[in-house]
Amino acid sequence: MRSVVAITLRSYTAKLMLALTGLVMPTTVLTFLGWHVLDESQYRVERGRIASDIYTALLEFDIEKSALRKWSYRQALGQPADDAERAAFLDRMRAQIDDMTFKAELAADLDRQRGKVLEEHDDRLIMLAFLEDVVTQLDIDTRNFPAGDLAEPPLLSRIDRRFDQLRGTSFAEALGNALSAEAEALIRERERADESLAAARSLFLSAGGFGLVATVLVALILARRLRQPFRELETGLRAYAAGEFSYRFTRFRDREFIDLGSQLNAMATEVEAARGRARENRTALEQTVAARTAELRRTLDELSASEGARQKLLADIGHELRTPVTAVLGEAQVALRMKQDDPALFRAAFSRIVDVSRQMSRLIEDLLVLVRDPQRLSGIDARHTNIAEVVTPAMDVACSLARQRDISVQGPDPLPCWDLWADPDRLRQVVTCLLDNALRYSHPGGTVRLTMERRPQNTILIEVADQGIGIADSDVPRVFDRGWRADAARVHRPDGLGLGLAIARQLTEAQHGKLTLRPGDQGIGVVATLEIPTEQVVQSRND
């Protein structure tokens, strides 16, 4: 029984190999023959193209010679005949000879590769040598041609004889013979190319017919032999594609497919076991991922809140501390330039530095509170105070900064002493911010003016006006947004962060005040208006 199965297997494999060999061998032979026929056709086409090119070049050579003859007539008549034009005619004639020589050598190489007779090439070489002699002789004859009467027979005959004959040989006859030879070669090569193409067509038709018949026969044999195994494979693979790995291949008859079925059955068994393990691992992994995701989400929320607070803190500290630090630097530089025998001036400068340092300390404390709880208003320590106690230190700081920037600061002189109920440090911070903002966006030589007015509605009005870059009406609603700056402000001072006015407005509203900005008169500069209620209004609101 085993010997019968082995013989069957060998028979099945042998038939398959025999069928494939029956397709490969004729295809190889036909491919070789087709390549040979196509190579011969290409050779004939190339030879025909060369003959056509040489024929065309001969015609162009004759045209150039005729043009040179006309030039000689003009010279003989004493008419304008540029020597550069004569040289151009001769150069083109030489170029055509060179082109024909190259094509003739190319045809000779093609013939040598196939062991062809080169008599045609020898005739071409003789003709090309003759043409070179013609060009050389015409170059000599046309250099210094004597003028005369064109109608004079000796002169006309002399010109024609130089252009029509060379050493007793008629150029027209030689050219006609060459053209006839090239025309015959062109016709001959075209006929041979047509014959080669017809042979190639017949060969490929035969090859295609044979290949079609052989392919159909082999396909029928293989389809009949492989129909049942392929149907079994299709049924089983569809079951596997649907996730039914319990299907087993048990109906194969040929040994090759029986081995394939055994391997597929083993694979299905392994896949079923792997799917069970994967379900268990996926469940455990999902639980682990869910727990880790929750932890990561909480951590990210904490980091996000912390990072946001840190960034705001750094931005606010950097912005708010810039003004007092600049003021301290300016006061220190002024003190260093003072005379050493005037302690009162040193004391005044150091007192201003101490005041600004206290303001810096309060600013840092405020910014820390703002970062820890952004929704909470800054602490306000309201008490009985005088407007002069608020504005005077702010004006001193502004004057110190203005001297460094070549800007003039003007204010009421003397300052009014109106009483109000407010936090003097907070209110001084707001006024200082408005003055600093006006100085930053003013031009050297400009003026910043602070005015004060006590209104009947229990309100003290402070206005800070500058002559700087100004502000567009469309930008006014956004000037108090945190981090926003107008385009003109970014160009004038790229180092700003857009935080000062936002903090100033928050401090103003914490004291029941109102802070607004508007463009200056005729669009020049900006006017900042600060309204602070008096004691009675604040007390009524607190009540």
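The values are calculated or read from the model by the stated rules, or taken from the named source; none is laboratory data. Quick caveat: nothing in here was measured; it's all calculated off a predicted structure. Cβ: placed from backbone, ideal geometry, glycine included. Neighbour counts: every protein chain shown. The protein model used for the area step is the full one, side chains on, heavy atoms only, and it has no ligands, DNA or RNA in it. Shrake-Rupley method; radii C 1.70, N 1.55, O 1.52, S 1.80 Å.
For the reader, a short list of remarks on this structure follows.
- Residue list for the stretch 502-524, restricted to those being within 48 Å of the chain's Cα centre (by Cα) and either modelled with pLDDT under 85 or closer than 12 Å to residue 463 by Cβ (or both): 502, 503, 516, 517, 518, 520, 522, 523
- Taken over the stretch 39-59, the criterion of being surrounded by fewer than 19 Cβ atoms within 10 Å (Cβ to Cβ), under 17 Å from residue 113 (Cβ atoms) and aliphatic (A, V, I, L, M) is satisfied by 45 alone.
- Selection count where residues are open to solvent by less than 60 Å² (accessible area, probe 1.4 Å) and on the phi < 0 side of the Ramachandran plot, scope the stretch 462-477: 11
- Of the numbered criteria (1) at pLDDT below 70; (2) assigned to a helix (DSSP H, G or I), the one residue 351 fails is (1).
- Top-ranked residue in the stretch 427-458 [being among the basic types (Lys, Arg) and under 15 Å from residue 531 (Cβ atoms); ranked as surrounded by the most Cβ atoms within 10 Å (Cβ to Cβ)]: 454
- Qualifying position, being closer than 13 Å to residue 135 by Cα, among the hydrophobic types (A, V, I, L, M, F, W, C) and in contact (Cβ under 8 Å) with a residue 60 or more places away in the chain, among 68, 90, 110: 68
- Residue pairs whose Cβ atoms lie under 6 Å apart, separated by 6 or more positions or on different chains, with the first residue in the stretch 241-253 and of a type outside the set (Gly, Ala, Ser) and the second open to solvent by 50 Å² or more (accessible area, probe 1.4 Å), are 245/272; 252/258.
- One residue from 205, 217, 222 being modelled with pLDDT of 75 or more and either in a helix (DSSP H, G or I) or surrounded by 15 or more Cβ atoms within 10 Å (Cβ to Cβ) (or both): 217
- Of all residues in the stretch 71-127, those satisfying the criterion of being at pLDDT below 80, part of a helix (DSSP H, G or I) and charged (D, E, K, R) are 74, 111, 119, 120, 122, 123, 124.
- The residue that is surrounded by the most Cβ atoms within 10 Å (Cβ to Cβ), counting only those in the stretch 172-199 that are under 30 Å from residue 77 (Cβ atoms) and modelled with pLDDT of 70 or more, is 175.
- Given (1) surrounded by fewer than 17 Cβ atoms within 10 Å (Cβ to Cβ); (2) in contact with a Lys or Arg (Cβ under 9 Å, 6 or more places away or on another chain), index of the condition residue 480 fails: (1)
- When the stretch 242-296 is limited to residues that are assigned to a loop (DSSP other than H, G, I, E, B) and acidic (Asp, Glu), the one that is least open to solvent (accessible area, probe 1.4 Å) turns out to be 254.
- Hey, residue 63 part of a helix (DSSP H, G or I), open to solvent by less than 60 Å² (accessible area, probe 1.4 Å) and either β-branched (Val, Ile, Thr) or more than 30 Å from residue 137 (Cα to Cα) (or both) or not: no
- Of the criteria (1) touching a Gly at 6+ places or on another chain (Cβ under 8 Å); (2) at pLDDT below 70, which one residue 391 fails: (2)
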